[in-house]
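Take a look at the structure set out below.
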Amino acid sequence: MNKIKNQTRPVFPFTAIVGQEEMKLALILNVIDPKIGGVMIMGDRGTGKSTTIRAIADLLPQIEVVSEDFFNSHISDYDLMSDFVKNQMESGITLATHMIKVPMVDLPLGATEDRLCGTIDIEKALNEGIKSFDPGLLAKANRGILYVDEVNLLDDHLVDILLDAAASGWNTVEREGISIRHPSRFVLVGSGNPEEGELRPQLLDRFGMHAEIRTVREASLRVQIVEQRSKFDQNPYDCIKEFYEKQIQLKESIVNAQTKLSDVLIDYDLKVKISQICGELNVDGLRGDIVTNRASRAFAAYQGKDQVEVEDVKRVITLCLRHRLRKDPLDTIDSGMKVDQVVSSILS
């Protein structure tokens, strides 16, 4: 229990967060399978978006990284190694490793492309023949979570770079004919308030899941949230201690799901029904089909199942499709409800 006191900055426990089930589930599933493609969280101000995202990062088990490497390189997974580490290993050099907390990187709104991608020192390259690279936020976020608050206010060019890195798992920096590439696998989490502007549909489509959160209206639940927060602010360590067991249980569930994920099967007929739903909803492209399949498998693994069932698909499909529907200004029905209606008719 002394570990609790050793935290430099106490973080609100994930299991202490009341409500906002959509957001919590989307984050857990993306942590189980980062290839889902991240999550966009849209909702009112003051609904605990940032608190929840920091809490999921704090909950995750530590990862092993190669010491003295800028990119949090994995010691055995080739896809998560920088070229420097690969070269060292191919030369037979034994590399030291250490454990770190899962990186949680915030992208500030005023960030430049150099701050995001990193910069190459051209003078050093030309004069000394050495590739000198100053890593950016994409390097620091490798194997972690990259959080962009108010993503709808971020420059479109930076959003494009972010989404490309998230999709490919690599970041390439080129300058004056010199090129440096490094792994950049992260869970991309964006949050925003719809009142401050919408994301372009083609960018929104690149986020795997879309969680909508609303201000809680029920008085008793609001009181519970306020009390929970006040308790944490008065004595954070007592609050962390109270939820310690629940945190450990959730952490174990996530780790077990990550291990189980590759063995979870999804029946062909169920895949056909998922694609039928996407077709009926006029979802452009195949990203919706792919993400729904992935998220369903992650949810089944989280439930400890070996095979995806209809109920698993129903639980995640709205999160995967609602932001991919074409917006009709004359529509009186919410996009989430439209997905639910089609799902109910096909997955009866």
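The values are calculated or read from the model by the stated rules, or taken from the named source; none is laboratory data. Since this is a predicted model, take the numbers as computed values, not measurements. A quick note on method: Cβ atoms are made from the backbone with ideal geometry, for glycine too, and the neighbour counts reach across all protein chains shown.
Which pairs turn up if I take residues in the range 34-53 that are touching a residue at least 12 places away in the same chain (Cβ under 8 Å) and assigned by TED's automatic domain parsing to the domain that holds GLY192 and look for partners that are of a type in the set (Phe, Trp, Tyr) and crowded, with 20+ Cβ neighbours inside 10 Å with beta carbon separation below 7 Å, at least 6 apart in sequence or on another chain?
Filtered contacts from the range 34-53: GLY37/PHE207; GLY38/PHE207; VAL39/PHE207; MET40/PHE207; THR51/PHE12; ILE53/TYR147.
Which number in (1) closer than 30 Å to ILE248 by Cα; (2) surrounded by 14 or more Cβ atoms within 10 Å (Cβ to Cβ); (3) of a type in the set (Gly, Ala, Ser) marks the one condition that GLY46 misses?
(2)
So that you can scan it fast, the table gives a plain yes or no per residue for (1) at pLDDT 90 or above; (2) at negative phi; (3) touching a strand residue (DSSP E or B) at 6+ places or on another chain (Cβ under 6 Å); (4) not assigned by TED's automatic domain parsing to the domain that holds ASP306:
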residue: SER230; (1), (2), (3), (4): no, yes, no, yes
residue: ASP233; (1), (2), (3), (4): no, yes, no, yes
residue: PRO236; (1), (2), (3), (4): no, yes, no, yes
residue: ILE240; (1), (2), (3), (4): no, yes, no, yes
residue: ASP267; (1), (2), (3), (4): yes, yes, no, no
residue: ASN282; (1), (2), (3), (4): no, no, no, no
residue: ILE290; (1), (2), (3), (4): yes, yes, no, no
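Just to be sure before I move on: is LEU319 hydrophobic (A, V, I, L, M, F, W, C), part of a helix (DSSP H, G or I) and in contact (Cβ under 8 Å) with a residue 60 or more places away in the chain in the structure I sent?
yes
Suppose we filter the range 175-195 for residues that are over 15 Å from GLY208 (Cα atoms) and either in contact (Cβ under 8 Å) with a residue 12 or more places away in the chain or surrounded by 14 or more Cβ atoms within 10 Å (Cβ to Cβ) (or both); how many remain? It would help to see each step written out before you state the result.
As a first pass, look at the range 175-195 and keep what is over 15 Å from GLY208 (Cα atoms): 175-184, 192-195.
Now narrow it down to the ones that are either in contact (Cβ under 8 Å) with a residue 12 or more places away in the chain or surrounded by 14 or more Cβ atoms within 10 Å (Cβ to Cβ) (or both): 175-176, 178, 180-184, 192-194.
Residues in the range 175-195 being over 15 Å from GLY208 (Cα atoms) and either in contact (Cβ under 8 Å) with a residue 12 or more places away in the chain or surrounded by 14 or more Cβ atoms within 10 Å (Cβ to Cβ) (or both): 11 in total.
Looking at the range 106-120, is at least one residue assigned by TED's automatic domain parsing to the domain that holds MET42, at pLDDT below 80 and over 25 Å from the mean Cα position of the chain (by Cα)?
The answer is yes; a qualifying residue exists.
Just to be sure, is LEU250 in a helix (DSSP H, G or I), in contact with a Ser or Thr (Cβ under 7 Å, 6 or more places away or on another chain) and farther than 14 Å from ILE36 by Cβ? Step through it out loud before you land on a result.
On the way: in a helix (DSSP H, G or I): yes; in contact with a Ser or Thr (Cβ under 7 Å, 6 or more places away or on another chain): yes; farther than 14 Å from ILE36 by Cβ: yes.
It is true that LEU250 is in a helix (DSSP H, G or I), in contact with a Ser or Thr (Cβ under 7 Å, 6 or more places away or on another chain) and farther than 14 Å from ILE36 by Cβ.
Going by what's in this entry, would SER253 be described as small (Gly, Ala, Ser) and either within 30 Å of ALA167 (Cβ to Cβ) or in contact with a Pro (Cβ under 9 Å, 6 or more places away or on another chain) (or both)?
Spelling it out, SER253 is indeed small (Gly, Ala, Ser) and either within 30 Å of ALA167 (Cβ to Cβ) or in contact with a Pro (Cβ under 9 Å, 6 or more places away or on another chain) (or both).
Taking the range 246-272 as the region of interest, how many residues are under 26 Å from SER348 (Cβ atoms) and surrounded by 16 or more Cβ atoms within 10 Å (Cβ to Cβ)?
Adding up the residues that qualify gives 4.
Which condition from (1) touching a helix residue (DSSP H, G or I) at 6+ places or on another chain (Cβ under 7 Å); (2) closer than 29 Å to GLN228 by Cβ; (3) not hydroxyl-bearing (Ser, Thr, Tyr) is the one that ASP33 breaks?
If we test ASP33 against (1) touching a helix residue (DSSP H, G or I) at 6+ places or on another chain (Cβ under 7 Å); (2) closer than 29 Å to GLN228 by Cβ; (3) not hydroxyl-bearing (Ser, Thr, Tyr), just (2) comes out false.
Can you say whether VAL339 is at pLDDT below 85, closer than 23 Å to LEU163 by Cβ, crowded, with 19+ Cβ neighbours inside 10 Å and not aromatic (Phe, Trp, Tyr), as far as the supplied structure shows?
Values: at pLDDT below 85: yes; closer than 23 Å to LEU163 by Cβ: yes; crowded, with 19+ Cβ neighbours inside 10 Å: yes; not aromatic (Phe, Trp, Tyr): yes.
Here the answer is yes, as VAL339 does meet what is asked.
Looking at (1) part of a helix (DSSP H, G or I); (2) free of Cβ contacts under 8 Å to residues at least 40 places away in the same chain, which is the only condition LYS241 fails?
Unmet condition: (2).
For the subset of the range 289-304 comprising residues that are crowded, with 16+ Cβ neighbours inside 10 Å and touching a residue at least 40 places away in the same chain (Cβ under 8 Å), which member is nearest to LYS260 (Cα to Cα)?
ALA301
Criterion first (more than 19 Å from the chain's Cα centre (by Cα) and not assigned by TED's automatic domain parsing to the domain that holds LEU25) does LYS251 satisfy it?
Considered against the rule, which asks whether it is more than 19 Å from the chain's Cα centre (by Cα) and not assigned by TED's automatic domain parsing to the domain that holds LEU25, LYS251 comes out as no.
Keeping to the range 208-228, report how many residues are part of a helix (DSSP H, G or I) and in contact (Cβ under 8 Å) with a residue 40 or more places away in the chain.
4
What are the residues in the range 64-88 that are surrounded by 17 or more Cβ atoms within 10 Å (Cβ to Cβ) and either among the aliphatic types (A, V, I, L, M) or under 23 Å from ILE213 (Cα atoms) (or both), if any?
Those that are surrounded by 17 or more Cβ atoms within 10 Å (Cβ to Cβ) and either among the aliphatic types (A, V, I, L, M) or under 23 Å from ILE213 (Cα atoms) (or both): VAL65, VAL66, LEU80, MET81, VAL85.
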